[in-house]
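Student: Quick one: the structure is below, questions incoming.
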Amino acid sequence: MSTRPTAPSGHVDGLRPDDPTVLEAPEAFDPPAPRASSRRPPAARGPAGSAPETGPDEAPKADSESGAGTVSGTGPGDVPEAGQETGADARPAGAASAAGSAEPAGAAGSADAAGAAGSAGFAGAAGAAGAGPRAAWLALLVRSWRQLTSMRTALVLLFLLALAAVPGSLIPQRNLNPMKVEEYFAEHPTLAPWLDRFSVFNVFGAPWFAAIYLLLFISLIGCLWSRVHWHARALFTAPPKAPARPGRLPGGSTWTSPLDAPDAVDLARGALRGRRFRVAVAPGDARRPDGSPDHSVAAEKGYLRESGNLVFHLALVALLAGMGLGSWFGYQGTVLVVTGNGFANTLISYDQYSGGELVDAAGLPPFSLTLDQFSASYQDNGQPADFRADVSYQSDIGSPVRTDTIRVNHPLRIGSAKIYLIGHGYAPHFVLRDPAGAVVWESYVPCTPRDGMFTSTCTVKIPDTGLPPVGERQEPQQLAFSGVFTPTTVLDPGHGYVSTFPAARAPGLTLTGFVGNLHLNEGIPQNVYAVDTRDMTQFPMTGPAGEKRIAQVVALNNPGQRTLTGLPGGLSLEVDGVHEFATFQTKSDPYKGLVLGASVVIILGLVASLRVRRRRVWVRATPLDGGGSTVEVGGLSRSDAQGFAAELAALSEEIRLDTTEAEATAADTTADGAAADGAAADGAAADGEKPAAAMPADPVTSTTISATSEREP
C-alpha cells in the first residue's frame with residue numbers, strides 16, 4: 001500500500017491540496033452559513049442568467065461575482081474531477097442550463113445567486129431605490145442584531161464585564177460595608193461624590209453594569225441560536241459525498257482489488273460501521289460529474305465534540321441566568337449572637353443585610369433561632385480542631401421548637417434559606433453600679449479577635465450612666481472603655497499581657513476609661529468597634545494594678561480582681577464573666593440548584609469538547625476495464641492530527657485486507673477446480689475414454705498498490 005507523504009496527517013486547517021479538484025465538495029465539514037454575495041452595479045452583471053464576460057484566457061472569479069461556470073456556484077459535491085475543464089472560457093454561453101442535466105443542485109444554486117444577493121442585502125438595495133424609511137430602519141435593525149450576536153461582540157462584552165467588575169473589588173460597596181463607604185467619603189471628600197454619581201459604590205447594581213450583563217446575555221443567546229441550528233441540521237444530514245480522489249488527501253491510500261466496485265464499497269461500509277462511524281453509501285443510480293457510476297462511501301464520527309461545545313456554552317448561559325435570577329430573588333444577612341441569645345429573620349435583626357431588587361424585606365420567612373451553646377476545641381499548638389453551635393429554632397410562627405448543630409461547611413437549612421457558621425469570639429460581661437451598689441447598666445460586649453490566639457479588642461460604650469450633664473450646653477456625661485481581652489493571659493516582659501492559647505483558660509482584660517460626650521444621640525452612624533475621643537477625657541481608676549492608674553487589668557475568674565472603682569460619680573465597673581459568641585450568615589438563593597446543575601453540565605460539555613475528535617473518512621471504488629476495481633481511502637480531522645493519522649492507517653489496512661482477501665479465495669478455488677479436472681481425466685482414461693482438452697484458467701489479477709503521484713491527473 002502506498003501512502004502519500006504529507007505534513008501532519010489529516011488536519012483540515014492545514015489542507016492545501018496541489019490539485020484544486022481533489023475535493024468534489026469544497027466544504028470539508030459543515031456547510032458554511034448562507035451569506036449575501038457581493039453586489040455590483042447592474043451594468044456589470046450583464047443579462048439576467050448569463051455568465052459574466054471574461055476573456056479567452058481569463059478564469060471566472062469565485063464567490064466575488066455571480067455567474068455560471070464558477071466553482072462556488074455549484075452545489076456540494078458537484079465540482080468536476082481532476083483534469084476536467086471549468087470556467088466560462090471552456091463552456092458555451094448556455095453552460096448554466098447545460099450543466100443542469102449533470103448538476104441540478106449547482107445550477108439551481110447559480111440561478112439563485114442574484115436573488116440571494118438581493119434578499120440578503122435588501123437594505124442597501126431598498127435605500128438606493130428610495131424604498132422609504134421603514135425599510136431603512138428594518139435594515140438597520142437587522143445589521144445591529146447581526147453585529148450584536150457575533151462572536152467578536154460577545155468576547156468584547158465579556159471583557160467589558162470583567163473590566164466593570166474591577167471597581168467592585170477595589171472600592172467599598174454600600175450593600176456590603178456601609179461604614180467603609182463613609183470612611184472613603186471622609187478620606188476623599190472631592191472624589192467620592194463624583195464616584196457616587198456613577199454608582200461606583202454599588203457597582204453590581206449600577207445601570208451600566210446591568211446593561212453590559214444583559215447585552216452579553218443576549219449576545220450569547222444569539223450566537224448559540226445559529227450554532228445550534230446548523231449543528232442540528234448537520235446531525236440529521238448525510239455526510240458529504242466522497243472527493244474525486246480521496247487517496248490524494250493527507251494520509252490517503254490507493255490499491256487495486258479483484259472485487260467489483262460495488263462489492264468493495266460494501267466491504268468498506270461494513271468496516272466503517274464496525275468502528276462506529278455514521279456511514280452513507282452512494283445510491284446505486286448515483287452518477288459522477290463525468291457520467292460514470294458513483295461507487296463511494298462517506299463516513300463521519302465525533303459529532304459529540306461539537307455537541308459538547310454547544311452544551312458547554314448553553315450551560316454557561318444557564319449559569320449566568322441562575323446567577324442573575326439569584327441576585328434578584330435572593331438575600332443574605334449577617335448577625336452576631338452571644339450564647340443564650342437569638343435572632344429572628346427580620347431586617348432589623350441583622351448587623352448587615354443585602355437583598356435582591358425583587359425581594360420584599362418585610363416578607364422574609366418568619367423563622368427564629370437561639371444559640372444554646374457554642375463550643376470550640378483546639379489542638380495543643382492552638383490550631384482549631386472543631387467548632388460547633390448547638391441551636392434551637394422555629395421554622396415558622398407557632399411551629400414546634402427543634403434543635404440542631406451548625407458546624408463550619410455544615411449549615412442549617414430552614415425553608416429556602418441556609419444558616420452558616422462563619423465566625424466566633426468572646427463577649428465579656430460588664431456590670432456598671434452606682435455608689436449604692438445598684439445596677440445602672442449591664443451587657444455582654446463582643447470583642448473583635450485580632451490573632452490566632454484570640455487576643456481581642458473590646459469597646460464598651462455606656463450612654464446612660466446617671467451622671468448629671470455638664471457645661472453651658474448641658475452635655476451628657478457618658479462613659480466609654482477601650483481594652484484588650486486575652487483568653488489565656490500571661491505576662492510577657494517585653495509585650496505586657498498576651499494570650500498563649502485560644503481557649504478561655506485564664507481570661508484577662510486590660511481597660512482604660514473615658515468620660516464625656518459620645519454623640520450617640522445625634523443620629524449619626526458610628527463604628528461600634530472604635531471610640532470617638534474628641535469630646536472625651538481619660539480618667540484614672542483603682543483596681544488590681546493599684547490606685548489611680550490609667551490602665552487596669554482584671555482577672556475574670558478571680559472575684560477579688562475583677563472590679564474597678566474610682567470612676568466618675570462614684571461608679572464602679574465589674575467584669576464578672578465571659579461568654580462565647582458566634583457569627584451566623586443567613587443566605588437564601590432560590591436558583592442555586594440551577595447554578596449547580598449548570599456547573600456540572602459545563603464540566604461534562606468541556607470534557608466532551610476536549611476529548612472527542614471530529615473526523616471524516618471517504619472510500620471510493622473505481623471499476624477497471626479488465627475486471628476488479630481501484631480502491632481509494634482518505635480522511636480529514638479537525639484536531640489531533642497525529643492520532644487521526646494512526647486511526648486512518650489502521651482503518652485503511654483493515655479495508656485493504658477485506659477487499660484483497662478475495663484474491664486468495666479465488667486462487668484456492670482455481671486450484672481445487674484443477675485438481676478435480678485431473679481426477680476426472682484419470683477416471684476417463686481408466687474407462688478407455690480420451691479426456692477432453694482442459695480449458696485454461698483465467699489468470700487471477702494480483703493485488704497492486706498504486707503509487708499515485710500528487711501531480712497525476
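The values are calculated or read from the model by the stated rules, or taken from the named source; none is laboratory data. Just so you know, these numbers come straight off a predicted model, no measurement behind them. Note: ideal-geometry Cβ built from the backbone for every residue, glycine included; neighbour counts use all protein chains shown. Heads up: the accessible areas ignore ligands, DNA and RNA and are worked out on the full protein's heavy atoms, side chains in. Shrake-Rupley method; radii C 1.70, N 1.55, O 1.52, S 1.80 Å.
Student: Once both labels are modelled 7 Å past Cα along the beta-carbon direction, what's the PHE159-PHE217 spacing in nm?
Tutor: Between PHE159 and PHE217, the label points sit 2.4 nm apart.
Student: Report the local net charge at ARG413: Lys and Arg +1, Asp and Glu -1, summed over other residues whose C-beta lies under 13 Å from its C-beta.
Tutor: +2
Student: If I stretch the segment between LEU610 and GLU475 completely, what's the gain in nm (0.36 nm per residue apart, minus their alpha carbon distance), one decimal?
Tutor: Full-extension gain reported as 41.3 nm.
Student: Which FRET efficiency value, to the nearest 0.05, do you get for LYS587 and SER443 by plugging their Cβ-Cβ distance into 1/(1 + (r/R0)^6) with R0 = 22 Å?
Tutor: Result of the calculation: an efficiency of 0.20.
Student: Roughly speaking, what is the centre-to-centre gap between the stretch 172-239 and the stretch 262-292 when only Cα atoms are used, to the nearest Å?
Tutor: If you average the Cα positions of each part, the centres end up 53 Å apart.
Student: How large are Rg and Dmax for the stretch 312-400 when calculated on the C-alpha trace, in angstrom?
Tutor: 18.1, 51
Student: So what are the ³J(HN,Hα) numbers for the stretch 533-545, from phi and the Karplus equation (6.51, -1.76, 1.60; θ = phi - 60°), rounded to whole Hz, Gly and Pro as x?
Tutor: 9, 4, 10, 10, 10, 7, 10, x, 9, 10, x, x, 7
Student: Go through the stretch 570-584 residue by residue and turn each phi into a ³J(HN,Hα) via Karplus (6.51, -1.76, 1.60, θ = phi - 60°); whole Hz please, and just put x for glycine and proline.
Tutor: Couplings: x, 6, 9, 10, 10, 10, 9, x, 8, 10, 8, 10, 10, 9, 10 Hz.
Student: Still on this structure, please answer the following. What is the spin-label model distance, in nm, from ARG278 to PHE204 if the labels are put 7 Å beyond Cα along the C-beta direction?
Tutor: Each label point is offset 7 Å from its Cα along the Cβ direction, giving 4.2 nm.
Student: Something else now. Return the FRET efficiency for the residue pair SER599, ALA649: r is the Cβ-Cβ distance, R0 is 56 Å, and the value is rounded to the nearest 0.05.
Tutor: Rounded to the nearest 0.05, the efficiency is 0.90.
Student: Peptides 279-291, 237-249, 208-220: what's the order by average Cβ count within 10 Å, highest mean first?
Tutor: Ranking, from highest mean packing down: 237-249, 208-220, 279-291.
Student: Something else: Kindly sort VAL431, VAL607 by accessible area of their heavy atoms, largest first, with the probe set to 1.4 Å.
Tutor: Heavy-atom accessible area, descending, gives VAL607, VAL431.
Student: Calculate the FRET efficiency for THR542 and THR405 from the Cβ-Cβ distance with a Förster distance of 45 Å, rounded to the nearest 0.05.
Tutor: 0.50
Student: How many angstrom lie between the Cα centre of the stretch 593-633 and the Cα centre of the stretch 452-495?
Tutor: Each part's Cα centre sits 75 Å from the other's.
Student: Put a dot 7 Å past each Cα toward the Cβ at ALA234 and ILE524; how far apart are the dots in nm?
Tutor: Here the answer is 6.7 nm between the modelled labels.
Student: Using amide H atoms built in the peptide plane, which far-off residues or other-chain residues are under 5 Å from TYR426 H to H?
Tutor: When sequence neighbours closer than 5 places are left aside, the close amide H contacts are CYS447, PHE581.
Student: Through the Karplus equation 6.51 cos²θ - 1.76 cosθ + 1.60, θ set to phi - 60°, convert the phi angles of the stretch 268-275 into ³J(HN,Hα) values in whole Hz; use x for Gly and Pro.
Tutor: 5, 4, x, 5, 5, 5, x, 9
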